[in-house]
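A short write-up of the structure that comes next.
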Amino acid sequence: MGMMPKTNDFTITRLEDAINWARSKSMWPMPFGTACCGIEMMATFMSKYDAARFGSEVMKFTPRQSDLLIVSGRISLKMMPVLTRIWEQMPEPKWCISMGACASSGGVFDTYTLIQGVDQFIPVDAYMPGCPPRPEAFLDALMMVQKKASRGEARAQDFQEQATPADSGAV
Amino acid sequence: MILYDASKHIKLITRATEFAGDKILSREEKSHYHQFRVMGEDAYALIEFLKQDAELGFQFFLDLTAVDYLDYPVAQPERFAVVYTLLSPTLGIKTQVKAFVSASLPRIASITHLFAGANWTEREVWDLYGIEFTGHPDLTRILMPDDYEGHPLRKDYPLRGRGERSDFPVYRSRPRES
Amino acid sequence: MYAYDKEIIEKSENTVHMNVGPSHPAMHGTLRVKLEVRGERIINAEQEIGFLHTGFEKLGEYRSYNQFITLTDRLNYFSPLNNNIGFAIAVEELLGIEVPRRGQVIRTLLCELSRLADHCLSTGALTMDLGAFSSILWTFIEREKLYDVFEAVTGTRLTTSYARVGGLAFDVPDDFEKRVTEILDSLEKTVDKLRDSFYQNRIFLDRTQGIGVISKEDVMSYGITGPLARSAGVEYDLRKYRPYLIYPELDFDIPVYHGGDTLDRYKIRLDEMDQSIRIVRQALKLLEPGPINLEDQKRILPDKASAYKDMESLIHHFKVIMPGEDHGIHAPVTDMYSATESPNGELGFYIVSDGGSCPFRVRIRPPSFINYPIFSKLLKGLMLADLVAILGSMNIIAGELDR
């Protein structure tokens, strides 16, 4: 009854590596889609591109249960406190992708209300060029973050969080 | 179905000039509508007439916006203009009323009682131009944060702002001290 | 209303304040609603917008007419081509010019394909919000096919920037007709499949029928246009009201419903997809060889290929593109309101020109901004879950809402 254990059916590794491997293969994204990039992000999770192949199909919109923040779209003055609050709520280890030109640098909108790059406020692991980036670029960035995670690296590790002002906008 | 009917413009012009003949500063014919220019204090009465007159029936609110005519090559009666765009389902034409508002006292009567849709557009004009609408139920900022200073769509406001976007109270991640 | 529900409302004084958004799966984009809830009934609702305010109108004063077309993509990212073409038409009306025949046919085709793409996403999103996930997968497959056509025509999937003042950036590829016809057949099947799946579905009907009714008076007073107005019995469609492009030659109907509820808003979008397919089929037959751009070298960009070869075209190219007083498109010193029918309703551009190369003021009359205020009024007295259904059926696009 049952299978006899084979002698070569085990592997030796460090526990940390095993955990990192597991983490990198089950990234749960917290999509923060505000504008055009959000539509391309949706396209990536939909039938044709299917991000589920990379273990990241669980879009649950709750920062407390996700480990990858995807900032896709332009972030305005009014939105930035909300974004930082979401980033704060995510448990470590956490990663962040800045999707598209607007999130990374303000893009074509050099105006009075737009944040010129979210990396002024939160640590970003991968920047995605394009306005908006194609789904292929999205998958590439996802794999970059996965590689980073499997090495146990995250930019958030190098940063400490500051006390939030009492009222920084609801989420 | 509301269909465009060019012949109905004459009715609009005659009725409108009958009502507010001397108050209309000028009238301009555009590609498919007529624009009436009035001073700010006369705008409410004209719009009320356009809406409630049985023959005209401009009951369909389309748009409300403002223009800042600072440094405009052609002299205008006042610096600001509030522009109302209305549609008449009975006549099948659009019309526009342009009401001039002075820079020293930017104030005009609100039309929220006539058109519910004017509520947000008036708040938007207040937010971006600083034109006050008297009688508006809740004249607060709509697009910019509540504590924002200045009215960004005015011509003397710089495109890149006055440094608000890099200097506002929000938490930032700082490099960890080792 | 169930008996226990009534009891909660009558007996309980426990009003809970709830906050939905701006980052919430049911709030498409960055919308925020502050709710007062008793039990599961919404007593009061207050909307807050502005989380995506980008400054399009301010930026428009610093960009030339052709440069602004690039920005219009980012307004309504469900259907960018409608925005491109709408703005180009507005500037052309200001200048008093008209695009040649082939350019108009291509514009009409792309407007309708873009409308199909928008309705694919908005109908799919509504049913997804109501729990039917597979339908958005079906419609997204169709949308991906449309993306492929847009990519073949314009070079990009989403931010197309295809229209130019006085014409188009470039001609459509040779296999355009074949590609489009292939899509139309599968689209028709998908529309039928959506009808079959939902029109008889008890759960779907219960959650949409009679929910969020917009009255005819509200449509007028709030200025609601597009599918929302037509589902409430107001037959206002700019393609019929004052036809632009080649719409007067085409045979199509404007679907109208009189209920004004969420179900009618869903039905009308499916019916509009049918009509768009009909328009595209007819317009494809009218696609004949010819110039796509107007020949007006002082104001219209010359053909890119000739700008590389021909001295004169190169000079004109520079004259139109270069910034400064003496260059660019010189519009007459006037103002003009011009509108086209975007998938969400009347997309108007009010352009004030001071004769320079940039507009003096660009006002965008976005359908979403004018359609959205009624939302809190619709919510009062409904269940919390109805919020999702109503918002999904309104198809509010934050980029257009906040500009």
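The values are calculated or read from the model by the stated rules, or taken from the named source; none is laboratory data. This is a predicted model, so every value here is computed, not measured. Every residue, glycine as well, gets a Cβ built from its backbone with ideal geometry; the counts of neighbours run over all protein chains shown.
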Which of the numbered conditions does residue B:83 fail, given that it passes all the others? Conditions: (1) touching a residue at least 24 places away in the same chain (Cβ under 8 Å); (2) β-branched (Val, Ile, Thr); (3) assigned to a strand (DSSP E or B). (1)
Counting just the residues of region B:98-118 that are part of a loop (DSSP other than H, G, I, E, B) and small (Gly, Ala, Ser), which one comes out farthest from the other protein chains (Cβ to nearest Cβ)? B:104
State whether one or more residues within region C:68-87 are hydrophobic (A, V, I, L, M, F, W, C), more than 14 Å from chain A (Cβ to nearest Cβ), touching a residue at least 24 places away in the same chain (Cβ under 8 Å) and out of contact with any Ser or Thr (no Cβ under 6 Å at 6 or more places or on another chain). yes
Name the single residue, out of those in region B:1-27 being hydroxyl-bearing (Ser, Thr, Tyr) and assigned to a helix (DSSP H, G or I), that is farthest from residue B:92 (Cα to Cα). B:17
Go through (1) over 21 Å from residue A:136 (Cα atoms); (2) within 14 Å of chain A (Cβ to nearest Cβ) for residue C:158 and report which single condition fails. (1)
Any residue in region C:381-390 that is in contact with a strand residue (DSSP E or B) (Cβ under 6 Å, 6 or more places away or on another chain), farther than 19 Å from residue C:71 by Cβ and surrounded by fewer than 22 Cβ atoms within 10 Å (Cβ to Cβ)? yes
State whether one or more residues within region C:92-111 are over 21 Å from residue C:391 (Cβ atoms), buried (at least 23 other Cβ atoms within 10 Å of the Cβ), of a type in the set (Gly, Ala, Ser) and in contact with a Gly (Cβ under 6 Å, 6 or more places away or on another chain). yes
For residue A:86, are the conditions met, namely being of a type in the set (Val, Ile, Thr) and crowded, with 24+ Cβ neighbours inside 10 Å? no
Considering only region A:50-73, state which residues are modelled with pLDDT of 85 or more, in contact with a Ser or Thr (Cβ under 6 Å, 6 or more places away or on another chain) and on the phi < 0 side of the Ramachandran plot. A:71
Would you mind telling me which numbered condition in (1) under 14 Å from the mean Cα position of the chain (by Cα); (2) among the polar types (S, T, N, Q); (3) within 30 Å of residue C:80 (Cα to Cα) residue A:113 fails? (1)
Is it the case that residue A:62 is over 17 Å from residue C:398 (Cα atoms), within 11 Å of another protein chain (Cβ to nearest Cβ) and buried (at least 20 other Cβ atoms within 10 Å of the Cβ)? no
Scanning region A:48-57 for residues that are more than 16 Å from residue A:144 (Cα to Cα) and surrounded by 15 or more Cβ atoms within 10 Å (Cβ to Cβ), the one nearest to the other protein chains (Cβ to nearest Cβ) turns out to be A:48
Hey, could you check region C:276-315 for residues that are loosely packed, with under 14 Cβ neighbours inside 10 Å and under 24 Å from residue C:115 (Cβ atoms) and say which is modelled with the highest pLDDT? C:285
Condition (residue is under 20 Å from the mean Cα position of the chain (by Cα) and crowded, with 16+ Cβ neighbours inside 10 Å) applied to region B:12-19: is it met by at least one residue? yes
Taking the stated definitions as given, is residue A:171 modelled with pLDDT under 85 and surrounded by 16 or more Cβ atoms within 10 Å (Cβ to Cβ)? yes
Do we have any residue at all in region B:28-51 that's in a helix (DSSP H, G or I), hydrophobic (A, V, I, L, M, F, W, C) and within 13 Å of the chain's Cα centre (by Cα)? yes
Checked against (1) at pLDDT 85 or above; (2) under 21 Å from residue C:31 (Cα atoms); (3) within 10 Å of chain C (Cβ to nearest Cβ), residue A:41 satisfies every condition except (3)
In the list B:121, B:95, B:65, which residue meets the criterion of being at the interface with chain C (Cβ under 8 Å from one of its Cβ atoms), buried (at least 21 other Cβ atoms within 10 Å of the Cβ), of a type outside the set (Phe, Trp, Tyr) and in contact (Cβ under 8 Å) with a residue 60 or more places away in the chain? B:65
Going residue by residue through region A:126-134, is there one that turns out to be surrounded by fewer than 24 Cβ atoms within 10 Å (Cβ to Cβ), aliphatic (A, V, I, L, M) and over 28 Å from residue B:164 (Cβ atoms)? yes
Looking only at helices (runs of 4 or more DSSP H) that lie completely in region C:190-236, which have at least 2 residues being free of Cβ contacts under 8 Å to residues at least 40 places away in the same chain and not polar (S, T, N, Q)? C:202-208, C:216-222
Give the residues of region B:38-62 that are away from chain C (no Cβ under 11 Å) and closer than 29 Å to residue C:58 by Cβ, sorted by residue number. B:38, B:39, B:40, B:41, B:43, B:44, B:47
Matching residues in region A:105-120 (surrounded by fewer than 20 Cβ atoms within 10 Å (Cβ to Cβ) and within 21 Å of residue A:66 (Cβ to Cβ)) number 1
Single match in C:156, C:127 (criterion: surrounded by 24 or more Cβ atoms within 10 Å (Cβ to Cβ), over 27 Å from residue C:250 (Cβ atoms) and at pLDDT below 90): C:127
Say whether the condition of being more than 26 Å from residue B:143 (Cα to Cα) and within 13 Å of another protein chain (Cβ to nearest Cβ) is met by at least one residue in region A:4-26. no
In region C:237-257, the residues that are among the hydroxyl-bearing types (Ser, Thr, Tyr), more than 15 Å from residue B:94 (Cα to Cα) and assigned to a helix (DSSP H, G or I): C:247
Looking for something within 17 Å of residue C:352 (Cα to Cα), within 14 Å of chain C (Cβ to nearest Cβ), without any contact (Cβ under 8 Å) to a residue 40 or more places away in the chain and of a type in the set (Lys, Arg) - is there at least one such residue anywhere in region B:25-32? yes
Can you tell which of C:248, C:255 is free of Cβ contacts under 8 Å to residues at least 12 places away in the same chain and over 22 Å from residue C:387 (Cα atoms)? C:248
